[in-house]
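Trainee: Below you'll find the structure I mean.
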Amino acid sequence: MPLPAPELDDRKFQDIVDEAKRLIPRYCPEWTNHNLSDPGVALIELFAWMSEMVLFRVNQVPERLYVHFLNMVGVEPFPPSVARVDVTFWLSAVLDAPVVVPAGTQVMTAAGASSGSSEAVVFTTVRELAIAPPELRAAKTVTAADDRVIDVWDDLRFDVMGVRCFASEELTPGDAFYLGFARSLAGTMLRLSITAQAEGIGVDPRNPPLMWEVWNGEAWITAYVNDDSTGGLNRAGEIVLLVPLEHEMMTIGNTAAYWLRARLVAPQSGQPTYQASPRIRAVTAATLGGTVGAEHAENMPLETIGRSDGGPAQSFAVSHMPVLPRHTGEYVRVTDSDGASDWTEVEDFTRSGPLDKHFVWDSGSGVVRFGPRVRYPDGSVRQHGMIPRDGAQITVTGYRHGGGARGNVGARTLTVMRSTVPYVRGSINLAPAIGGVDAETVAEAKVRGPLTLRTGQRAVTAGDFERLTLESSPEVARARCLPTTRGNGSVRLLVVPEVRGDANRHQLDDFAIAAPLMRRITDHLDGHRLVGSAVEVATPYYQGVSVVALVHAGPGRPAGLVRQRAVEALTRYINPLTGGPDGTGWPFDADINAAVVTQILESIEGVERVDEALLFEYDLRTGQRLGAGKDVIRLDQHSLFISAAHQVVVR
């Protein structure tokens, strides 16, 4: 157990009052009225109250020294993490020439639209976006049964009868219609103008069994359908697709192109499918906009932060904080009589010599520090890091500030363009921003500090890997380390990212690890792992669980309200982040059984009794229950449970 921290003075209010009253006969014997109504006693109580406040502050000294000790050994609170989102820019008209949206373009929410705040939230694009017109140059159909490739490009351009989208005699899920483009459509808002006739009868025009996909170099990934007025390729109209940010070249039927395909999928339960293949007479493509990544940050220009006095351990603060991790071109510039020189940022001055132009930039406080002068036991004095000359001007070439949970704005809220771009009429984020986490509090750093000091900075045990993964970013919620079958110290790390918002809205894709977070985790672990040990970072396999239950509501309890409470309770309980017995996430290796689910349902207000509860395994991609109902669903060490389509019948 930790050593108890003593109180420097443990006297309380009543102790001080009693001590003062005991001294009255010694110093003032003529004072005989010690009742509460006496003005002198009132003054004693007043000064006792003030003295207690002073003693309370004195007793905070050990806590303050503890925090200073953590700072001394290098345990500092984590800075905030940045929320990121893909922002789509809409063109004012279809153009024949490319339109460039520069890197650093700013968009923001309308005032009052961000988490109830009256202040707008600003996002900045992280790279340049070129919105270019597409060039359609090939078309093919591919059958799923025998992988037969048919070139239909000439038929699509010259044959008045058009082409059948799916060439199989008997339509089979997996049959596809391919369109090849000369350049990558990554991030493009693409409009396909279709001329078609109603031959693909039998489908629901609002929900056709079609999946639009592009090739990303490793697999086919889904393109988001923003609008479809063709009724599933059955009539003349337009299809507006948001192409993902990954689109690579692929060779199909001896034709190398950037392919977009419409794939026939198996109909969902109760959904009709095509009785015959739809036929397309003509297709034209146009660009309506483009998508680029953005982050919750504002770019600050060159800023002068002070002048050097020639002394060691100088510090200067920028005007906005917290400061985000520096990008290329963001550093400190020192200008003196010899001209301007760019200095290098380091983590600390441990390895800095007196001629090294090094500085430390604290992200949380925005303070730039230069090297200290240290006296060693042998009497020698060493300067760690060069000192800017007396009178030198200290400038930062630029930086970004922002971050925090405030940046996790909802979908379709970044609609105000703070920067003006020619031929661009507006912006929108089709998905919510994710990844924003507030800075670590002092209390949280105090809990983490002893763990860091006890375990060191080397990843040896499974606990070391899990701790270092959690320390790599505030966006990491949970980590599980498992040995691999290869041996040689190789490990597999299962990471659950932090997903904000209501647990009832969590979906499978929310638990994917974004590429920037994956890089931060791998880079952090790479600096701490032992030489020769391999680390594989991945997500757990998320096993969907669907509960079907029959419950009885108490007298006078609305069935709809009871059903809603039951579904919400099950969704929170079977969740990687909020589930499990202690509400901190479903445990690894823990099975789920119907008895526990019954207890959860019986604890819900308004439920009188539970007649039956069954568990179904659920395919989170196809939206289908698998097999028959079970009393127990097993979980292997690489998996976690997640809720899916619970069905509660209330009688």
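Trainee: Among the candidates Asp631, Asp619, which residue alone is over 26 Å from the mean Cα position of the chain (by Cα) and outside the structural domain of Cys481 (by TED's automatic domain parsing)?
Mentor: Exactly one of Asp631, Asp619 is over 26 Å from the mean Cα position of the chain (by Cα) and outside the structural domain of Cys481 (by TED's automatic domain parsing), namely Asp631.
Trainee: Is it the case that Ala262 is more than 30 Å from Ala645 (Cα to Cα) and assigned to a strand (DSSP E or B)? Spell out how you get there, then give the answer.
Mentor: On the way: more than 30 Å from Ala645 (Cα to Cα): no; assigned to a strand (DSSP E or B): yes.
In short, no.
Trainee: Scanning the range 547-569 for residues that are surrounded by fewer than 21 Cβ atoms within 10 Å (Cβ to Cβ) and among the small types (Gly, Ala, Ser), which turns out farthest from Ile633 (Cα to Cα)?
Mentor: My answer is Gly556.
Trainee: Could you please give the count of residues in the range 286-315 that are more than 30 Å from Asn429 (Cα to Cα), of a type in the set (A, V, I, L, M) and part of a strand (DSSP E or B)?
Mentor: First pass over the range 286-315, keeping only residues more than 30 Å from Asn429 (Cα to Cα): 303-315.
Pick out the ones that are also of a type in the set (A, V, I, L, M) and you get 305, 313.
Within this subset, residues satisfying the condition of being part of a strand (DSSP E or B) are 305.
The number of residues fulfilling the criteria is 1.
Trainee: Can you go through Ala196, Ala167 and tell me which one is in the same structural domain as Met249 (by TED's automatic domain parsing), of a type outside the set (Phe, Trp, Tyr) and in contact with a Leu (Cβ under 9 Å, 6 or more places away or on another chain)?
Mentor: When all the criteria are applied, what remains is Ala196.
Trainee: When you scan the range 382-416, how many residues do you find that are at pLDDT 90 or above, of a type in the set (A, V, I, L, M) and surrounded by fewer than 18 Cβ atoms within 10 Å (Cβ to Cβ)?
Mentor: Result for the range 382-416: 1.
Trainee: How many residues, within the range 163-216, are crowded, with 20+ Cβ neighbours inside 10 Å, of a type in the set (Ser, Thr, Tyr) and farther than 18 Å from Thr230 by Cβ?
Mentor: Number of matching residues: 1.
Trainee: Let me ask something else. Mind checking whether some residue in the range 217-228 is assigned to a loop (DSSP other than H, G, I, E, B), crowded, with 18+ Cβ neighbours inside 10 Å and outside the structural domain of Ala411 (by TED's automatic domain parsing)?
Mentor: Scanning the range 217-228, I find at least one residue that is assigned to a loop (DSSP other than H, G, I, E, B), crowded, with 18+ Cβ neighbours inside 10 Å and outside the structural domain of Ala411 (by TED's automatic domain parsing), so the answer is yes.
Trainee: For the range 249-265, enumerate the residues that are aliphatic (A, V, I, L, M), over 30 Å from the mean Cα position of the chain (by Cα) and more than 14 Å from Pro134 (Cα to Cα).
Mentor: Met250, Ile252, Ala256, Ala262, Leu264, Val265, listed by residue number.
Trainee: Related question: Scan the range 149-196 for residues that are in contact with a strand residue (DSSP E or B) (Cβ under 7 Å, 6 or more places away or on another chain), of a type in the set (D, E, K, R) and over 30 Å from Asn429 (Cβ atoms) and report the count.
Mentor: Residues that pass the stated criteria total 4.
Trainee: A follow-up question, please. Across the range 316-332, which residue is surrounded by the most Cβ atoms within 10 Å (Cβ to Cβ) among those that are assigned to a loop (DSSP other than H, G, I, E, B) and among the β-branched types (Val, Ile, Thr)?
Mentor: Val318
Trainee: One residue is enough: does the range 320-327 have a residue meeting the conditions in contact with an Asp or Glu (Cβ under 7 Å, 6 or more places away or on another chain) and more than 30 Å from Val122 (Cα to Cα)? Steps first, please.
Mentor: Of the residues in the range 320-327, the ones in contact with an Asp or Glu (Cβ under 7 Å, 6 or more places away or on another chain) are 326.
After this cut, where a residue has to be more than 30 Å from Val122 (Cα to Cα) as well, the list is none.
The answer is no; no qualifying residue exists.
Trainee: On to the next question. For the range 360-395, what are the residues that are acidic (Asp, Glu) and under 30 Å from Ser81 (Cβ atoms)?
Mentor: Passing the criteria: only Asp362.
Trainee: Which of the numbered conditions does Pro354 fail, given that it passes all the others? Conditions: (1) at pLDDT 90 or above; (2) closer than 30 Å to Thr125 by Cβ.
Mentor: Pro354 satisfies all of (1) at pLDDT 90 or above; (2) closer than 30 Å to Thr125 by Cβ except (2).
The values are calculated or read from the model by the stated rules, or taken from the named source; none is laboratory data. All figures in this text were calculated on a predicted structure; none of them were measured in a lab. Cβ sites come from the backbone with ideal geometry, for glycine too, and all protein chains shown count toward neighbours.
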